[in-house]
Amino acid sequence: MADVYDAIVIGGGSGGSGFSKRAAGYGKKVAILEMGAQWENGKRKSPGAGGTCVNVGCVPKKIMFFAAAHREMMVGNVSTAKGFGYEVPDAAGSFDWAAVKARRDAYVARLNTGYSAGWEKAGCDVIEGMGTFVDAAADSVTVKVQLKDGGEKTLTGKSAVVAVGGLPSYPDIPGIEHSISSDGFFELETQPKKVAVVGAGYIAVELAGILHALGSETHLFFRGDTVMRRGFDPFIVDTLMEAMRHHGPVLHAKSTPKGISKEADGTMKYAFVQDGVDSELAGFDCILMAIGRKPVTDRLSLDKVGVEMTAEGLIKVDEFENTTAPTKNIFAIGDCNTNGYELTPVAIAAGRRLADRILCNEPRARIAYEQIATVVFSHPPIGTIGLTEPDAIKEFGEANVKVKQSRFGSMLYAFNDDDSKVKTGLKLVMKLPEERIVGLHMIGPSSDEMLQGFAIAVRMGATRADFEASVAIHPTISEEMVTFSGWGQETAADGSVRPQLPPYLQK
Ligand code: NAP
């Protein structure tokens with residue numbers, strides 16, 4: 001007789017792991033299906049236990065970000081070490097890519113092993129293989145597993161959770177096989193000398209920034225006037241573009257990919273259309289595509305259980321992660337669903353809340369998608385939560401929105417020329433009349449670490465008065481967020497200054 005599980009989880013990434021451990025913690029019987037790392041035609045088909053984040057995403061990326069930050073302080077036009085009294089020898093900027101890769105791979109391998117061990121320790125059955133749906137009824141779902149070691153197994157569960165994540169997308173252009181994606185970036189054995197990064201989102205901006213800061217000649221190609229066109233406040237995007245123009249990769253705006261060709265000397269030529277004109281650039285030893293990701297839902301036979309997908313393959317869900325399965329016991333979480341966030345903490349939280357709801361009798365449990373904090377590890381990093389100014393105006397009307405923002409060079413750059421300072425930009429978007437903070441945006445050194453605390457305040461409905469009531473921590477960058485109005489006074493639109501009562505005296 002087949003095993004009967006409370007839940008069969010397909011995919012051992014952030015979401016699947018979050019759900020499984022929580023469910024097992026409730027004493028439920030959970031099977032977690034994970035294919036393990038797999039390659040096909042030299043490209044990754046599956047990242048392995050822990051998913052994209054641990055293996056080919058957030059974790060190894062952050063290690064490279066730190067590596068880049070060390071070099072950035074020592075050499076280049078925004079370096080600060082000399083100003084603070086260090087003698088920086090000529091060789092200071094030479095970076096041992098192979099050594100860092102070896103340490104990074106070992107670090108990731110440890111985490112990777114820890115994932116499977118953690119599931120087992122929590123009491124889950126870990127099954128290495130690929131699951132496909134067979135059929136479903138109101139109280140049972142049947143999943144066939146193609147085992148990694150060969151053979152098949154059939155599982156029966158009271159419910160199933162799809163958490164299969166996604167893989168990088170590639171544009172359909174000739175020669176695309178010569179390019180790599182973010183997956184391939186983490187397999188590079190040597191540092192590229194001249195690299196083209198194509199894309200305009202998180203991955204393109206982060207990896208182009210890292211490669212540039214590590215000393216590779218880096219070219220960033222994007223279709224619009226700017227990168228990060230979706231979901232980021234224009235003030236933040238402007239500040240990022242200014243930083244990149246001054247001390248970032250070479251920017252190629254308004255360019256769409258056309259083709260890649262291999263040259264006799266082994267380098268690559270990248271052809272693109274810029275502003276309607278055919279153009280090309282040669283001599284690349286690496287071309288990295290970062291134009292978005294697509295869900296890997298095509299192998300699941302979702303049609304057999306009535307789960308609908310969008311044309312892009314995203315599983316349609318509501319805000320409780322319910323799919324359209326008529327049996328009402330199939331759910332989807334993380335990057336593969338239509339909730340619109342491809343972020344590890346979102347997937348983990350969605351998984352835990354789903355377990356709370358379906359296995360611990362808490363019908364209200366769901367992740368609140370309304371205000372998700374996010375950080376881009378750009379150079380400099382961006383932190384953001386809530387509405388952009390244009391979105392706030394759309395939602396509340398211009399007369400009901402107030403903004404405070406400032407851009408400055410922080411004390412880290414005290415001894416740099418004006419042209420060599422990385423600017424910090426901070427912005428609050430408030431809803432009137434209560435001045436509730438509905439959007440908080442920052443860019444600049446340490447924004448990645450500053451956001452988490454502010455995110456709590458924003459989620460709790462903090463107003464500007466609450467921010468001002470928290471006495472500044474000096475000298476820091478974050479203090480500027482709570483001192484926008486000049487320590488107890490406010491400048492009106494006509495330039496006049498009036499005293500501002502302390503929050504506890506305001507109505
Ligand atoms: P992304 O952030 O969705 O950005 C991809 C961008 O590439 C698109 O917005 C589009 O920008 C551009 N693009 C799309 N098709 C293109 C084409 N055919 N040619 C040229 N450009 C094209 O995707 P991503 O950078 O690949 O990252 C995937 C997801 O991973 C992100 O959405 C994010 O949620 C997650 N992620 C998060 C972090 C983090 O939390 N720090 C880090 C990395 C990734 P335009 O329309 O402006 O051209």
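Look through the range 217-242, keep the residues that are aromatic (Phe, Trp, Tyr) and outside any helix (DSSP H, G or I), and return whichever of them is nearest to the ligand (Cβ to nearest atom).
Checked the range 217-242; the qualifying residue nearest to the ligand (Cβ to nearest atom) is Phe222.
Kindly check whether there is at least one residue in the range 240-258 that is touching a residue at least 24 places away in the same chain (Cβ under 8 Å), of a type in the set (Val, Ile, Thr) and surrounded by 18 or more Cβ atoms within 10 Å (Cβ to Cβ). Give the steps one after another, and end with the answer.
First, pick out the residues of the range 240-258 that are touching a residue at least 24 places away in the same chain (Cβ under 8 Å): 240, 242-244, 246-258.
Subsequent filtering for residues that are of a type in the set (Val, Ile, Thr) retains 250, 256.
Remaining after also requiring surrounded by 18 or more Cβ atoms within 10 Å (Cβ to Cβ): none.
Scanning the range 240-258 turns up no residue that is touching a residue at least 24 places away in the same chain (Cβ under 8 Å), of a type in the set (Val, Ile, Thr) and surrounded by 18 or more Cβ atoms within 10 Å (Cβ to Cβ).
Tell me which strands (runs of 3 or more DSSP E) are completely within the range 324-387 and hold 2 or more residues being within 12 Å of the ligand (Cβ to nearest atom) and of a type in the set (A, V, I, L, M), or say none if there are none.
Working: elements: 330-332, 374-376, 382-386.
Output list reads 374-376.
When you go through (1) more than 13 Å from the ligand (Cβ to nearest atom); (2) charged (D, E, K, R); (3) part of a loop (DSSP other than H, G, I, E, B); (4) touching an Asp or Glu at 6+ places or on another chain (Cβ under 8 Å) one by one for Lys304, which number turns out not to apply?
Of the numbered conditions (1) more than 13 Å from the ligand (Cβ to nearest atom); (2) charged (D, E, K, R); (3) part of a loop (DSSP other than H, G, I, E, B); (4) touching an Asp or Glu at 6+ places or on another chain (Cβ under 8 Å), the odd one out for Lys304 is (3).
Right, Ala455: under 27 Å from the mean Cα position of the chain (by Cα), surrounded by fewer than 16 Cβ atoms within 10 Å (Cβ to Cβ) and not basic (Lys, Arg) or not?
Working: under 27 Å from the mean Cα position of the chain (by Cα): yes; surrounded by fewer than 16 Cβ atoms within 10 Å (Cβ to Cβ): no; not basic (Lys, Arg): yes.
Criteria not met by Ala455.
Residue check: is Phe408 more than 16 Å from the ligand (Cβ to nearest atom), buried (at least 22 other Cβ atoms within 10 Å of the Cβ), outside any helix (DSSP H, G or I) and not basic (Lys, Arg)? Reasoning before the result, please.
On the way: more than 16 Å from the ligand (Cβ to nearest atom): yes; buried (at least 22 other Cβ atoms within 10 Å of the Cβ): no; outside any helix (DSSP H, G or I): yes; not basic (Lys, Arg): yes.
Answer is no for this residue.
Quick check, is Phe65 under 29 Å from the mean Cα position of the chain (by Cα) and either within 16 Å of the ligand (Cβ to nearest atom) or part of a loop (DSSP other than H, G, I, E, B) (or both)? I'd like the intermediate steps shown before the answer.
On the way: under 29 Å from the mean Cα position of the chain (by Cα): yes; either within 16 Å of the ligand (Cβ to nearest atom) or part of a loop (DSSP other than H, G, I, E, B) (or both): yes.
Judged against the criteria, Phe65 is a match.
Could you check the range 13-49 and list, in sequence order, the residues that are within 28 Å of His212 (Cβ to Cβ) and within 22 Å of the chain's Cα centre (by Cα)?
Lys43, Arg44, Pro47
State all residues of the range 207-231 that are out of contact with any Phe, Trp or Tyr (no Cβ under 7 Å at 6 or more places or on another chain) and hydrophobic (A, V, I, L, M, F, W, C); if no residue qualifies, say none.
Taking the range 207-231 first, the residues out of contact with any Phe, Trp or Tyr (no Cβ under 7 Å at 6 or more places or on another chain) are 208-209, 211-213, 216-220, 222-231.
The answer is Ala208, Leu211, Ala213, Leu220, Phe222, Val227, Met228.
Yes/no per residue for (1) closer than 28 Å to Val346 by Cα; (2) part of a strand (DSSP E or B); (3) β-branched (Val, Ile, Thr):
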site	(1), (2), (3)
Thr256	no, yes, yes
Leu281	no, yes, no
Thr297	yes, no, yes
Ala311	yes, no, no
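Of all the residues that make up the range 370-398, how many are in contact (Cβ under 8 Å) with a residue 60 or more places away in the chain and among the charged types (D, E, K, R)?
1
Any residue in the range 216-227 that's in contact (Cβ under 8 Å) with a residue 24 or more places away in the chain: show its pairings with residues that are surrounded by 16 or more Cβ atoms within 10 Å (Cβ to Cβ) and of a type in the set (Ser, Thr, Tyr) at Cβ separation under 6 Å, as long as the two are six or more apart or on different chains.
Phe221/Ser255
Which of the residues belonging to the range 15-49 are part of a loop (DSSP other than H, G, I, E, B), buried (at least 24 other Cβ atoms within 10 Å of the Cβ) and touching a Phe, Trp or Tyr at 6+ places or on another chain (Cβ under 6 Å)?
Ala49
Search the range 319-364 for residues being surrounded by fewer than 16 Cβ atoms within 10 Å (Cβ to Cβ) and in contact (Cβ under 8 Å) with a residue 12 or more places away in the chain, and hand back the single one that is nearest to Thr297 (Cα to Cα). Give the derivation first.
Within the range 319-364, the first condition is being surrounded by fewer than 16 Cβ atoms within 10 Å (Cβ to Cβ), and the residues that meet it are 319, 326, 328, 340, 360-364.
From what's left, in contact (Cβ under 8 Å) with a residue 12 or more places away in the chain: 319, 326, 328, 340, 360.
Working: Glu319: 19, Pro326: 18, Lys328: 19, Gly340: 15, Cys360: 28 Å.
Looking at the filtered set, the residue picked out is Gly340.
Just need a number here: residues in the range 160-216 that are crowded, with 20+ Cβ neighbours inside 10 Å, within 11 Å of the ligand (Cβ to nearest atom) and within 20 Å of Asp298 (Cβ to Cβ).
Of the residues in that region, 5 qualify.
Could you tell me how many of the residues in the range 186-216 are assigned to a loop (DSSP other than H, G, I, E, B) and of a type in the set (Lys, Arg)? I'd like the intermediate steps shown before the answer.
Going through the range 186-216, the residues assigned to a loop (DSSP other than H, G, I, E, B) turn out to be 186-193, 199-201, 214-216.
Checking which are of a type in the set (Lys, Arg) leaves us with 193.
Selection size over the range 186-216: 1.
Collect the residues in the range 322-376 that are touching a Pro at 6+ places or on another chain (Cβ under 9 Å) and over 30 Å from Val205 (Cβ atoms), keeping them in residue-number order.
Arg357 - this is the single residue of the range 322-376 that is touching a Pro at 6+ places or on another chain (Cβ under 9 Å) and over 30 Å from Val205 (Cβ atoms).
With respect to Gly383, determine if the residue is at pLDDT 95 or above and in contact with an Asp or Glu (Cβ under 8 Å, 6 or more places away or on another chain). Before the answer, list the steps.
Values: at pLDDT 95 or above: yes; in contact with an Asp or Glu (Cβ under 8 Å, 6 or more places away or on another chain): yes.
Here the answer is yes, as Gly383 does meet what is asked.
Here's the yes/no breakdown for (1) modelled with pLDDT under 95; (2) under 22 Å from the mean Cα position of the chain (by Cα); (3) exposed (fewer than 15 other Cβ atoms within 10 Å of the Cβ):
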{"residue": "Phe377", "(1), (2), (3)": "no, yes, no"}
{"residue": "Asp391", "(1), (2), (3)": "no, yes, no"}
{"residue": "Leu412", "(1), (2), (3)": "no, no, no"}
{"residue": "Asp418", "(1), (2), (3)": "yes, no, yes"}
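Hey, Leu300 hits all of (1) in contact with a Leu (Cβ under 8 Å, 6 or more places away or on another chain); (2) buried (at least 18 other Cβ atoms within 10 Å of the Cβ) but one; which does it fall short on?
(1)
Given the conditions (1) aliphatic (A, V, I, L, M); (2) surrounded by 13 or more Cβ atoms within 10 Å (Cβ to Cβ); (3) part of a helix (DSSP H, G or I), which single one is not true for Val126?
(3)
The values are calculated or read from the model by the stated rules, or taken from the named source; none is laboratory data. Remember, predicted model here, so these are calculated numbers, not experimental data. Don't worry about glycine lacking a Cβ; one is built from the backbone with ideal geometry, like all the others, and counts go over all protein chains shown.
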